[in-house]
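In what follows, a single structure is set out as structure tokens and then discussed.
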Amino acid sequence: MQTIMTSSIKGGEGKTSVAVGLAMTACELGMKVLFIDLDPSADATKWLDMEPGEDDFHVGDILGARGSQTKNPEKDPTGWAMQMAKVSGWHDSLYVISSHESLGALELSNDPTMELRLKKSLVGSDFDVVIVDCPNRSGGPLLRSALLVADTIVYSAVGDDGGLEGVYGAQRALNTFKEEQLIRGLPAEIEEVGTVFCGYQATATPRVTKLVVDELRDAGLLLTPLVPARTAVRESRVSRRWVSNWGKSGEDVINAYKELGKKIFK
């Protein structure tokens, strides 16, 4: 089972688009996929039309070890991922553990065992790929929860002045985590595969976009192809459907993710 986290410490840098794009690509390649929305903004949850009802479980119940009489009354989260994941209406092979706005409150928790619970919840899972959409944080228990389960990290960026800061900040957070794990004598084998660039304008390319792309390429952090700018992505988010519903405009995005998948999926 490969576990991929998408990361940028800046908001609006395409992180959720990358996570959703990779998840759908993996499904189309015949993989059984678990999507975990670990972002309190719940943007992916809304896009996937998977907002939890009042009595439904969400990822905060795993991190907070909130059990029930029917699901793990002892409140041990081991194996909860298989129990809590719901099939998305987008694809029969896409399972989702939703986020919730209350997740942000867990950032203030001083419970030292919280960051281990997501890892415990995945014990016994039979998914081929797990995609974790991370919050735009440089630290904290939510990000550490993702880092403790991930074996692959994918950065995201768009062509604005926050693109490089988002990638380099996420890279620093990863390196800090690895250093801390080394001091503890614990493993931290997370592969950096690079940055997915979203919303690339191939014609009349803005100067700032060229600067971001060139620097990422020079740093060895740029994955190709670049995901083209298409209105299908914005429209699909509003409509809560995947871009495959938008014909040629959506096909260009899908084909880009197919090529990226060859470099990201193990």
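Under the combined filter of DSSP loop state and at most 14 neighbouring Cβ atoms within 10 Å, the range 175-238 retains none of its trypsin sites (Lys or Arg not before Pro). Taking only the C-alpha atoms of the chain, Rg followed by Dmax gives 17.8, 59 Å.
When all protein chains stay in place and ligands, DNA and RNA are ignored, the 1.4 Å accessible-area order of 241, 117, largest first, is 241, 117. The magnitude of the dipole of the chain, with charges of +1 and -1 set on the Cβ of Lys/Arg and Asp/Glu and taken from the Cα centre, is near 360 debye.
Can I get the semi-axes of the range 130-266's equivalent ellipsoid? Compute them from the C-alpha gyration tensor as square roots of 5 times the eigenvalues, in angstrom, largest first.
So the equivalent ellipsoid measures 29, 18, 14 Å along its semi-axes.
For the chain, modelled as a GNM whose springs connect Cα atoms under 10 angstrom apart, the maximal fluctuation among 192, 180, 251 occurs at 180. Legend: residue pairs 32/258; 15/263; 86/248, Cα-Cα distance threshold 22 Å; pairs beyond threshold, 86/248. Counting only protein chain heavy atoms and rolling a 1.4 Å probe, the accessible areas of 233, 253 rank, largest first, as 233, 253. When the square roots of the Cα gyration tensor eigenvalues are ordered a ≥ b ≥ c, the ratio a/c for the range 1-115 is 1.5 or more and a/b does not exceed b/c, which makes its shape oblate. Counting 0.36 nm for each residue step from residue 113 to residue 1 and taking away their Cα separation leaves a gain of 38.0 nm. At the residue level, residue 165 shows approximately 90 square angstrom of accessible surface with a 1.4 angstrom probe and all protein chains present. With a ≥ b ≥ c taken as the square roots of the eigenvalues of the C-alpha gyration tensor of the range 143-203, please select rounded if a/c is under 1.5 and otherwise prolate if a/b is larger than b/c or oblate if it is not? Prolate shape, in that a/c is at least 1.5 and a/b is the bigger ratio.
Sorted by accessible area (1.4 Å probe), largest first, how do 108, 260 line up? Mind showing how you got there, number by number?
Numbers: 108 150, 260 0 Å².
Of 108, 260, the descending order of accessible area is 108, 260.
Each residue was assigned an accessible area with a 1.4 Å probe, and for residue 90 the value is about 50 Å². Can you spot the aspartates and glutamates whose alpha carbon is less than 12 Å from residue 10's alpha carbon? Ignore those fewer than 8 places along the same chain. The reachable aspartates and glutamates, counting only those whose Cα sits under 12 Å from residue 10, are 160, 161, 165. Mean residue ellipticity at 222 nm, helices only, the chain: -11500 deg cm²/dmol; runs of at least 4 DSSP H residues each add -39,500 (n - 2.57), and the sum is divided by the number of residues.
Find the relative contact order for the chain and round it to a whole percent, using C-alpha pairs within less than 8 Å whose residues are 6+ positions apart.
Contact order relative to length: 26 percent.
Extension gain for the segment residue 252 to residue 191, taken as residue separation times 0.36 nm less the Cα-Cα distance, is 19.2 nm to one decimal.
About the Cα centre of the range 177-238, what is the dipole size in debye to 20, counting +1 per Lys and Arg Cβ and -1 per Asp and Glu Cβ, all else neutral?
Details: 8 positive and 9 negative charges, 87 e Å.
Its charge dipole is roughly 420 debye.
Here the calculated FRET efficiency for residue 202 and residue 181, from their Cβ-Cβ distance with R0 = 35 Å, stands at 0.30, rounded to the nearest 0.05. Of all lysines in the structure, those lying under 18 Å Cα to Cα from residue 120, and not within fewer than 8 positions of it along the same chain, are 71, 75.
On average, how much accessible surface per residue is there in the chain, in Å², for a 1.4 Å probe, leaving out ligands, DNA and RNA?
Working: 11940 Å² over 266 residues.
Per residue, the chain has 45 Å² of solvent-accessible surface.
The values are calculated or read from the model by the stated rules, or taken from the named source; none is laboratory data. As the structure is a prediction and not an experimental result, all values here were calculated from the model. No Cβ is skipped: glycine too gets one built from the backbone with ideal geometry, and neighbour counts run over all protein chains shown. All accessible areas refer to the heavy atoms of the entire protein, side chains included, with ligands and DNA or RNA removed. Shrake-Rupley method; radii C 1.70, N 1.55, O 1.52, S 1.80 Å.
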